[in-house]
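Single-structure report; data block below.
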Amino acid sequence: MPAAGGVQGRRPLVGGNWKMHTTREEARSLVRELRSELDGLEGIDIVIFPPAPWLADAHDLLAGSTLRVGAQHAHWERSGAFTGAVSAHQLAGVVDYVLVGHSERRQLFHECDRATARLLGAALAAGLSPLLAVGETAAERDRGEAEAVIERQLLAALDGLQRLDGRVAVAYEPVWAIGRGESATPSQAEEGCATVRRIVAERFGADAAARARVLYGGSVSAATAGELAALPSGDGALVGGASLRAAEFAGICREVAPSGGG
Ligand code: PEP
């Protein structure tokens with residue numbers, strides 16, 4: 001199995017987005033299982049995105065391990081009268097990553113492109129690594145608008161940047177493949193990841209595009225992770241449902257890691 005992105009020397013990345021799942025006890029035991037399965041896996045970055053109330057637990061339980069913690073969302077303002085919100089600034093020290101522009105945030109919480117740009121900028125300013133999700137819906141794809149949607153979301157979110165900060169990773173997540181149990185085909189995933197890389201090259205230059213980490217997300221499982229992560233333009237996976245099962249998520253990470261991480 002070729003290492004994801006190995007030809008260009010990019011380090012693979014796998015993210016596990018737990019969404020609004022787990023009780024506190026379930027979360028703590030899942031973190032412990034993941035640590036025992038995955039701590040020290042070589043050649044790969046692994047980050048889990050538990051629900052906000054369990055972030056500090058995850059941070060403490062993973063202290064001294066190679067696993068990282070990320071937030072599923074944050075607010076761009078540092079502090080203020082924003083009831084219910086948690087700022088990227090407040091999360092610094094507890095998490096290393098933050099998801100930006102996940103399709104569920106865009107669709108269910110009406111997050112606009114401008115909001116993704118503000119959060120992405122605030123995350124970088126707070127010392128966090130943003131993992132930006134972009135991708136078209138089934139209807140947009142059927143109308144032949146997939147590339148245009150990816151381009152609009154990507155350029156909007158990266159609007160404030162003069163150069164592409166190396167901490168920014170992008171996940172191509174076709175909305176029609178999320179939570180469906182069936183991922184995009186490798187050629188569809190490659191097409192989306194390659195589109196992301198082309199747009200990054202046009203905006204920030206070929207070197208930035210060659211260095212940027214681009215993931216695929218959408219119903220990735222241990223059975224499909226290897227072929228999806230081995231795409232020429234892909235560097236790993238953003239995983240939803242399968243990240244709630246320690247053995248399955250560990251299997252995905254091993255598929256993505258160069259030579260199984262050994
Ligand atoms: C996601 O929510 O980003 C995702 C990819 O979910 P799933 O793997 O369940 O499709």
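The values are calculated or read from the model by the stated rules, or taken from the named source; none is laboratory data. For clarity, every value in this text was computed on a predicted model and none was experimentally measured. With ideal geometry, Cβ positions are generated from the backbone for all residues, glycine too; neighbour counts draw on all protein chains shown. The area values use the complete protein model at the heavy-atom level, side chains included, leaving out ligands, DNA and RNA. Shrake-Rupley method; radii C 1.70, N 1.55, O 1.52, S 1.80 Å.
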Discussion item. Being out of contact with any Leu (no Cβ under 7 Å at 6 or more places or on another chain), open to solvent by less than 30 Å² (accessible area, probe 1.4 Å) and in contact (Cβ under 8 Å) with a residue 12 or more places away in the chain is the requirement here; does ILE199 meet it?
Written reply: no
Fill in: Criterion: touching a residue at least 60 places away in the same chain (Cβ under 8 Å) and within 16 Å of the ligand (Cβ to nearest atom) - qualifying residue of VAL100, VAL47
VAL47
Worksheet item: Cβ-Cβ below 7 Å, separation at least six or inter-chain, first residue in region 206-225 and hydrophobic (A, V, I, L, M, F, W, C), second within 16 Å of the ligand (Cβ to nearest atom) and open to solvent by 30 Å² or more (accessible area, probe 1.4 Å): which pairs?
Response: ALA222/GLU248; ALA222/GLU255; ALA225/GLU255
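Residue-wise test of (1) more than 22 Å from PRO174 (Cα to Cα); (2) part of a helix (DSSP H, G or I).
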position	(1), (2)
ILE46	no, no
LEU55	yes, yes
HIS59	yes, yes
GLU104	no, yes
ALA115	no, yes
ARG118	yes, yes
GLU136	no, no
ALA139	no, yes
ALA148	no, yes
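Hey, can you tell me all the residues within region 187-196 that are open to solvent by 30 Å² or more (accessible area, probe 1.4 Å) and more than 16 Å from the ligand (Cβ to nearest atom)? If you could, list the steps in order and put the result at the bottom.
Going through region 187-196, the residues open to solvent by 30 Å² or more (accessible area, probe 1.4 Å) turn out to be 187-188, 190-191, 194.
Listed by number, the residues that qualify are SER187, GLU190, GLU191, ALA194.
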Item to complete: Take region 213-262 and flag every residue that is in a loop (DSSP other than H, G, I, E, B), among the small types (Gly, Ala, Ser) and open to solvent by 10 Å² or more (accessible area, probe 1.4 Å).
Response: SER219, SER221, ALA230, SER233, GLY240, GLY262
Response to the item:
Restricting attention to region 201-239, the residues that are within 15 Å of the ligand (Cβ to nearest atom), hydroxyl-bearing (Ser, Thr, Tyr) and either farther than 18 Å from SER129 by Cα or in contact with a Lys or Arg (Cβ under 7 Å, 6 or more places away or on another chain) (or both) number exactly 3
Worksheet item: Of the numbered conditions (1) over 14 Å from the mean Cα position of the chain (by Cα); (2) without any contact (Cβ under 8 Å) to a residue 60 or more places away in the chain, LEU38 satisfies every one except a single condition; which is it?
Response: (2)
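From the list GLY101, GLY181, GLY144, exactly one residue is open to solvent by 50 Å² or more (accessible area, probe 1.4 Å) and closer than 24 Å to ALA229 by Cα. Which is it?
On the way: GLY101 fails: open to solvent by 50 Å² or more (accessible area, probe 1.4 Å); GLY144 fails: closer than 24 Å to ALA229 by Cα.
None of the others qualify; the one that does is GLY181.
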